[in-house]
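Working notes for the structure below.
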Amino acid sequence: MNELNTARLRILALNEENLRLLIDHPKKLELQLSLMESVSYLDAELQQAMEIRHSKLVRDKENYIWYTNWLIVSKSQNCSVGGIMLKGLPNGFGEVVVGYYTLPEYQGKGYMTEAIYSMKNWLLSQPNVKFVVADTEKDNIASHRVLAKSGAVLYKETAELLYWRFS
């Protein structure tokens, strides 16, 4: 299993089987990964996003790390606190798009900033990756703070979204 580590976190790339468990049977995933049981799980919107990740992963299993959810695990509590989704291989401009979520009970503790910082450093060290891109809704101030603290620069804006980039 591909894994990144920070001072407080393990960030695990879920294979096809584990991603399926995250969507359908998160308690079984926790058992399989020897994690403590979570208080909350993915909401319907996140489950739908994971279904999209899973369908893309199935089409390109060899490159699964680029299509899956990377589960963020607190080392001290040995439980899932959130995840980072990679949305595909680097495009022709060397961009990799990420999305992320923090489970409600772990928000505001700096976990996502730590995880995004680690993930973007790893991604930018990969061949053909020049930029890591994330988009956020304009009213998602917490997400804006995560990206700014992690070193992202706001580079584009639409009526509904802000686009951030690491390089």
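The values are calculated or read from the model by the stated rules, or taken from the named source; none is laboratory data. The structure displayed is predicted, hence computed values, not measured ones. Ideal geometry is used to build each Cβ from the backbone, glycine not excepted, and the neighbour counts take in all protein chains shown. Calculation scope for accessible area: heavy atoms of the full protein, side chains included, ligands and nucleic acids excluded. Shrake-Rupley method; radii C 1.70, N 1.55, O 1.52, S 1.80 Å.
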Would you point out the residue of the stretch 46-105, among those that are assigned to a loop (DSSP other than H, G, I, E, B) and more than 18 Å from VAL132 (Cα to Cα), that is most open to solvent (accessible area, probe 1.4 Å)? SER76
Selection status of ALA152, open to solvent by less than 20 Å² (accessible area, probe 1.4 Å), under 21 Å from LEU71 (Cα atoms) and not hydroxyl-bearing (Ser, Thr, Tyr): no
For residues that are acidic (Asp, Glu) and open to solvent by 30 Å² or more (accessible area, probe 1.4 Å), scanning just the stretch 26-45, find the one that is farthest from the chain's Cα centre (by Cα). GLU37
For the subset of the stretch 133-167 comprising residues that are assigned to a strand (DSSP E or B) and β-branched (Val, Ile, Thr), which member is farthest from GLU95 (Cα to Cα)? THR136
Hey, GLU157 hits all of (1) touching a residue at least 60 places away in the same chain (Cβ under 8 Å); (2) surrounded by fewer than 18 Cβ atoms within 10 Å (Cβ to Cβ) but one; which does it fall short on? (1)
Considering residues that are farther than 25 Å from VAL39 by Cβ, among the polar types (S, T, N, Q) and open to solvent by 50 Å² or more (accessible area, probe 1.4 Å), the number found within the stretch 106-149 is 3
Could you run through the stretch 69-91 and say how many residues are basic (Lys, Arg) and either more than 15 Å from the chain's Cα centre (by Cα) or at positive phi (or both)? 1
Residue pairs qualifying under the 7 Å Cβ cut-off, at least six apart or on distinct chains, with the first in the stretch 118-132 being farther than 17 Å from ASN63 by Cα and in a loop (DSSP other than H, G, I, E, B) and the second being open to solvent by less than 20 Å² (accessible area, probe 1.4 Å) and at pLDDT 95 or above, are LYS130/GLY94
Check the stretch 3-25 and report whether any residue there is out of contact with any Asp or Glu (no Cβ under 6 Å at 6 or more places or on another chain), of a type in the set (Gly, Ala, Ser), under 23 Å from VAL129 (Cβ atoms) and surrounded by fewer than 17 Cβ atoms within 10 Å (Cβ to Cβ). no
When you look at SER167, is it open to solvent by 50 Å² or more (accessible area, probe 1.4 Å) and in contact (Cβ under 8 Å) with a residue 40 or more places away in the chain, yes or no? yes
Flagged in the stretch 78-101 as closer than 18 Å to LEU33 by Cβ and among the small types (Gly, Ala, Ser), in numbering order, are SER80, GLY82, GLY83
